[in-house]
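The values are calculated or read from the model by the stated rules, or taken from the named source; none is laboratory data. Quick caveat: nothing in here was measured; it's all calculated off a predicted structure. Using ideal geometry, Cβ is built from the backbone for each residue, glycine included, and neighbour counts are taken over all protein chains shown. Heads up: the accessible areas ignore ligands, DNA and RNA and are worked out on the full protein's heavy atoms, side chains in. Shrake-Rupley method; radii C 1.70, N 1.55, O 1.52, S 1.80 Å.
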Amino acid sequence: MLTPLIKEILSLPAESQDLTVKGWVRTKRELKNLIFVEVNDGSSFDSIQCTFDRGSDGNAGLSPSVQAILSTLSTGSSVAIQGRLVPSPASGQNVEIAAYDLERIGEAPAETYPLQKKRHSLEFLREIAHLRARTNTFGAVARVRSRLAFGVHEFFQNRGFRYVHTPIITANDAEGAGAMFQVTTLNLESLAASGKAPDYHNDFFGKQSYLTVSGQLEAETYAAALSRVYTFGPAFRAENSNTTRHLAEFWMIEPEMAFADLKDNMLLAEDFLKFLFTLVLQDCPEDIAFFDAHIEKGIITALRSVVDCRFAHITYTDAVKELEKQAAVFEFKPFWGCDLQSEHEKFLTEKVAGGPVIVTDYPKAIKAFYMKLNEDEKTVRAMDVLVPRLGEIIGGSQREENLARLEKRMLELGMNAEDYSWYLDLRRYGTAPHAGFGMGFERLIQYVTGMANIRDVIPYPRAVGQAEF
Ligand code: 4AD
Ligand code: MG
């Protein structure tokens with residue numbers, strides 16, 4: 001049988017049963033005849049209190065070996081504690097362990113163990129990312145992340161979407177932004193030494209290949225067969241941007257629907273976010289309460305209000321008009337045709353909409369080649385979902401399903417249509433209106449936890465100059 005988790009033990013009725021608790025020591029406190037050891041195993045936010053009673057006449061209540069271990073027991077040690085589950089007189093917990101035996105499984109010498117009882121800065125914890133999951137903050141982030149990952153599958157599976165695994169290595173630049181990591185088995189050092197240019201015909205795949213920036217193009221091919229699909233996997237961007245919202249490796253969720261337009265896409269995105277916020281409030285209450293108290297005050301109210309509100313809609317053109325009225329407050333002056341900066345996005349959601357807002361119909365020049373052209377021939381059926389504090393959480397569009405127009409756009413952008421002939425086949429054979437979006441999973445976790453830096457919501461962040469662990 002598996003060792004019972006502290007989460008399970010904490011929910012048992014206090015019927016004086018004997019059991020063993022295993023986990024890592026958070027704190028040890030002494031009070032007259034009592035020694036309290038808080039043990040946490042990460043299964044829940046809450047630790048279990050184990051109370052050792054020395055007895056009234058000296059140490060009569062505990063064996064010499066238990067006393068010896070207790071006297072040197074330090075934060076971070078792993079232990080097995082035997083005792084009786086009893087009602088707890090302390091507030092904030094129903095049960096505790098009246099402990100009578102203790103085994104130290106692994107020590108954690110206080111002189112060298114980096115995680116002490118005091119509060120550590122997030123910057124410091126990033127340097128010891130292999131230990132940070134043992135803190136309240138990172139334990140909570142990890143549990144929320146796991147619950148929401150499962151929630152993503154629940155949401156789509158319950159709505160008839162099939163999970164598709166799209167390739168991680170690819171030869172095409174789905175977003176056309178050129179920010180890709182090359183994958184090669186060519187010997188770059190000997191090439192450099194010989195002064196020869198690489199011949200990619202001799203490379204592993206026979207052509208230049210990369211880590212994917214998005215599974216969208218392949219997801220579209222499956223939507224053109226299974227109607228509703230979604231992906232959930234890693235994406236890679238070699239953008240040289242050192243911000244609190246960008247990672248070089250992040251996880252993205254990309255639903256794609258056949259026989260759907262931009263309106264359907266906007267509704268799906270709104271339902272999706274509301275579903276996930278409701279879920280996390282329901283299923284991770286202790287973790288979210290911790291974020292509310294220590295990371296971002298008011299986050300619970302904010303999440304609830306998003307669930308209850310209707311998302312605002314605004315076109316890019318109207319959004320720029322709003323921004324131009326306040327041009328003085330921005331570092332980057334807004335104008336029609338500009339890419340919205342994160343300061344613009346935050347202004348739109350926080351000051352103009354006062355909540356989530358979906359911006360639609362962006363200029364074609366600042367969006368990817370596959371988006372459906374509007375009648376004005378200047379804008380495309382794009383949508384970005386912006387939320388307070390964060391800005392863009394979702395980006396998507398209705399796709400160009402007309403072969404001639406898509407080919408024209410690719411030509412304008414200097415793309416090689418031959419490379420994308422498989423993608424164009426979707427427009428040649430049984431084409432249909434379709435739409436989808438991408439949500440950065442880490443942006444979602446940032447939003448629901450209030451964590452300011454995206455590097456603190458993924459176990460091992462990869463960013464410019466950072467591939468440690
Ligand atoms: O807006 P993006 O670039 O859109 C796409 O990749 C489309 N193929 C999506 C689609 O229509 N299927 O990225 C989508 C989302 C962004 O809104 C953002 O949440 C996240 O992915 N994202 C990043 N997250 C972390 N680090 C980065 N460098 C990110 N780049 C995008
Ligand atoms: Mg985007």
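Only one of the numbered conditions (1) open to solvent by 40 Å² or more (accessible area, probe 1.4 Å); (2) within 28 Å of VAL380 (Cβ to Cβ); (3) touching a residue at least 40 places away in the same chain (Cβ under 8 Å); (4) within 14 Å of ligand 1 (Cβ to nearest atom) is violated by PHE259, and that is (4). Scanning segment 346-370 for residues that are open to solvent by less than 30 Å² (accessible area, probe 1.4 Å), without any contact (Cβ under 8 Å) to a residue 60 or more places away in the chain and not in a loop (DSSP other than H, G, I, E, B) gives LEU348, THR349, VAL357, VAL359, TYR362, PRO363. Filtering segment 275-286 to residues that are under 20 Å from HIS153 (Cβ atoms) and part of a helix (DSSP H, G or I) leaves PHE275, LEU276, PHE277, THR278, LEU279, VAL280, LEU281, GLN282, ASP283. For segment 315-341, the set of residues classified as of a type in the set (A, V, I, L, M), out of contact with any helix residue (DSSP H, G or I) (no Cβ under 7 Å at 6 or more places or on another chain) and either touching a residue at least 12 places away in the same chain (Cβ under 8 Å) or open to solvent by 50 Å² or more (accessible area, probe 1.4 Å) (or both) consists of VAL320, ALA328, VAL329, LEU340, listed by residue number. Exactly one residue out of GLU343, GLU418, GLU350 is more than 15 Å from ligand 1 (Cβ to nearest atom), of a type outside the set (A, V, I, L, M, F, W, C) and over 21 Å from ILE454 (Cα atoms): that is GLU418. For first residues located in segment 189-214 and in contact (Cβ under 8 Å) with a residue 60 or more places away in the chain, partners that are surrounded by 13 or more Cβ atoms within 10 Å (Cβ to Cβ) and lie 6+ apart or on another chain with Cβ distances below 8 Å form the pairs SER214/ALA174; SER214/GLU175; SER214/ALA235; SER214/MET252; SER214/GLU254; SER214/GLY438. Within segment 221-256, restricting attention to residues that are acidic (Asp, Glu) and touching a Gly at 6+ places or on another chain (Cβ under 7 Å), which residue is farthest from ligand 1 (Cβ to nearest atom)? Among those residues, the one meeting the criterion is GLU256.
Scan segment 76-96 and tell me whether some residue there is under 33 Å from the mean Cα position of the chain (by Cα) and at positive phi. Yes: segment 76-96 contains one or more residues that are under 33 Å from the mean Cα position of the chain (by Cα) and at positive phi.
What number of residues within segment 399-415 satisfy the criterion of being more than 10 Å from ligand 1 (Cβ to nearest atom) and in contact (Cβ under 8 Å) with a residue 60 or more places away in the chain? Don't jump to the end; show me each part of the working.
Filtering segment 399-415 for residues more than 10 Å from ligand 1 (Cβ to nearest atom) gives 400-415.
This time we only want the ones that are in contact (Cβ under 8 Å) with a residue 60 or more places away in the chain, so: 413, 415.
Total satisfying the criteria: 2.
Each residue in segment 110-129 was checked for being open to solvent by less than 50 Å² (accessible area, probe 1.4 Å) and more than 28 Å from ILE295 (Cα to Cα), and 0 of them qualify.
Determine, yes or no, whether TYR200 is away from ligand 1 (no atom under 13 Å from the Cβ), surrounded by 14 or more Cβ atoms within 10 Å (Cβ to Cβ) and among the aromatic types (Phe, Trp, Tyr). Judged against the criteria, TYR200 is a match. Among residues of segment 371-381 being touching a residue at least 24 places away in the same chain (Cβ under 8 Å) and more than 13 Å from MET266 (Cα to Cα), the one that is nearest to ligand 1 (Cβ to nearest atom) is MET371. Yes or no: TYR230 open to solvent by 60 Å² or more (accessible area, probe 1.4 Å) and not in a loop (DSSP other than H, G, I, E, B)? Answer is no for this residue.
Annotation note: of GLY176, GLY106, GLY160, the sole residue that is within 30 Å of MET371 (Cα to Cα) and exposed (fewer than 14 other Cβ atoms within 10 Å of the Cβ) is GLY160.
Being away from ligand 2 (no atom under 16 Å from the Cβ) and outside any loop (DSSP other than H, G, I, E, B) is true of HIS201. Under 9 Å between Cβ atoms, at least 6 apart or on separate chains: pull out the pairs that start in segment 218-245 with a residue that is away from ligand 2 (no atom under 16 Å from the Cβ) and end on any residue that is of a type in the set (D, E, K, R) and open to solvent by 70 Å² or more (accessible area, probe 1.4 Å). Close Cβ pairs satisfying both conditions: TYR222/ARG162; LEU226/ARG162; SER227/ARG162; ARG228/ARG159; ARG228/ARG162; VAL229/ARG162; TYR230/ARG162. Against the test of being crowded, with 17+ Cβ neighbours inside 10 Å and either at pLDDT 95 or above or in contact with a helix residue (DSSP H, G or I) (Cβ under 6 Å, 6 or more places away or on another chain) (or both), the options LEU5, LEU73, LEU62 yield a single qualifying residue, LEU73.
For segment 440-453, enumerate the residues that are within 15 Å of ligand 2 (Cβ to nearest atom), closer than 15 Å to ALA248 by Cα and of a type outside the set (Gly, Ala, Ser).
Going residue by residue through segment 440-453, those that are within 15 Å of ligand 2 (Cβ to nearest atom) are 440-444.
After this cut, where a residue has to be closer than 15 Å to ALA248 by Cα as well, the list is 440-443.
Scanning segment 440-453 gives PHE441, GLU442, ARG443.
Would you mind stating whether THR360 is of a type in the set (S, T, N, Q), more than 16 Å from ligand 1 (Cβ to nearest atom), farther than 21 Å from LEU303 by Cβ and in contact with a Phe, Trp or Tyr (Cβ under 9 Å, 6 or more places away or on another chain)? Quick ask: steps written out before the conclusion?
Numbers: of a type in the set (S, T, N, Q): yes; more than 16 Å from ligand 1 (Cβ to nearest atom): no; farther than 21 Å from LEU303 by Cβ: yes; in contact with a Phe, Trp or Tyr (Cβ under 9 Å, 6 or more places away or on another chain): yes.
For THR360, the condition - of a type in the set (S, T, N, Q), more than 16 Å from ligand 1 (Cβ to nearest atom), farther than 21 Å from LEU303 by Cβ and in contact with a Phe, Trp or Tyr (Cβ under 9 Å, 6 or more places away or on another chain) - is not met.
Looking at this structure, is VAL144 assigned to a strand (DSSP E or B) and either modelled with pLDDT of 95 or more or surrounded by fewer than 15 Cβ atoms within 10 Å (Cβ to Cβ) (or both)? No.
Of all the residues in segment 267-296, those that are crowded, with 21+ Cβ neighbours inside 10 Å and within 15 Å of ligand 1 (Cβ to nearest atom) number 5.
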